[in-house]
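Everything below concerns the one structure shown next.
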Amino acid sequence: MATKLWASRAASHLRISVFRRGFASVIPDLKYADSHEWVKVDGTSATVGITDHAQDHLGDVVYVELPEVGANVTQGKSFGAVESVKATSDVNSPVSGKVVEVNEELSNSPGLVNGSPYENGWIMKVEMSDAGELNSLMDSDKYSKFCEEEDAMH
């Protein structure tokens, strides 16, 4: 009996440590949408990209459809797409506002989304029209839990 208990305890410990190590990184001071986009806020400016978790699930990104500068984006609505070897996925805006800049680098190097999702792989910068919308987004702890639960279901 004791051996069986030890074995199951060891197995559950093993599973947790393996899961943790393979888990995608989450950056503390960003906000996250449940559709796996992140926002970095600086005053009324918001930089948007897809999370490490999202790029990990997509696989190698081969094309990023960027929005037009000057276009209006709406929280929760699609503004572009990320195409990978596996699938094409819409990218939703976590905030509403006007696109003031897009990451032109992604046209030539879409793989930046995989290699540097939170830094060089950002997609657009938005001048936010309603900073209150940020309250509906998740912080890093909530987002980590959200990803764990989502992965456990698949």
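Each reported figure results from applying straightforward, stated rules to the coordinates on display, with no laboratory input. Please read all numbers here as calculations on a predicted model, not as lab measurements. All Cβ positions, glycine included, derive from the backbone under ideal geometry; neighbour counts span all protein chains shown.
Summary table
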| item | result |
| --- | --- |
| Set 40/145; 77/142; 31/145; 98/142; 86/142; 31/77 screened for pairs whose C-alpha atoms are more than 24 Å apart | 98/142; 86/142 |
| Packing-based exposure ordering (other Cβ within 10 Å, fewest first) of 139, 42 | 42, 139 |
| Under the Karplus curve 6.51 cos²θ - 1.76 cosθ + 1.60, θ = phi - 60°, whole-Hz ³J(HN,Hα) for the range 136-149, x wherever Gly or Pro sits | 8, 8, 8, 8, 4, 5, 5, 5, 4, 5, 4, 5, 4, 5 |
| Cα gyration tensor shape of the range 112-154, rounded if a/c is under 1.5, else prolate or oblate by comparing a/b with b/c | oblate |
| Formal net charge of residues neighbouring residue 87 (Cβ-Cβ distance under 14 Å; K, R +1; D, E -1) | -4 |
| Cα-based shape type of the range 76-126, given that a ≥ b ≥ c are square roots of the gyration tensor eigenvalues and the cut on a/c is 1.5 | oblate |
| Prolate/oblate/rounded call for the range 26-153, Cα gyration tensor, a/c under 1.5 rounded | oblate |
| Full-extension gain in nm, residue 105 to residue 119, via 0.36 nm per residue minus C-alpha separation | 3.8 nm |
| Per-residue Cβ neighbour rank within 10 angstrom, fewest leading, 62, 73, 85, 113 | 85, 62, 73, 113 |
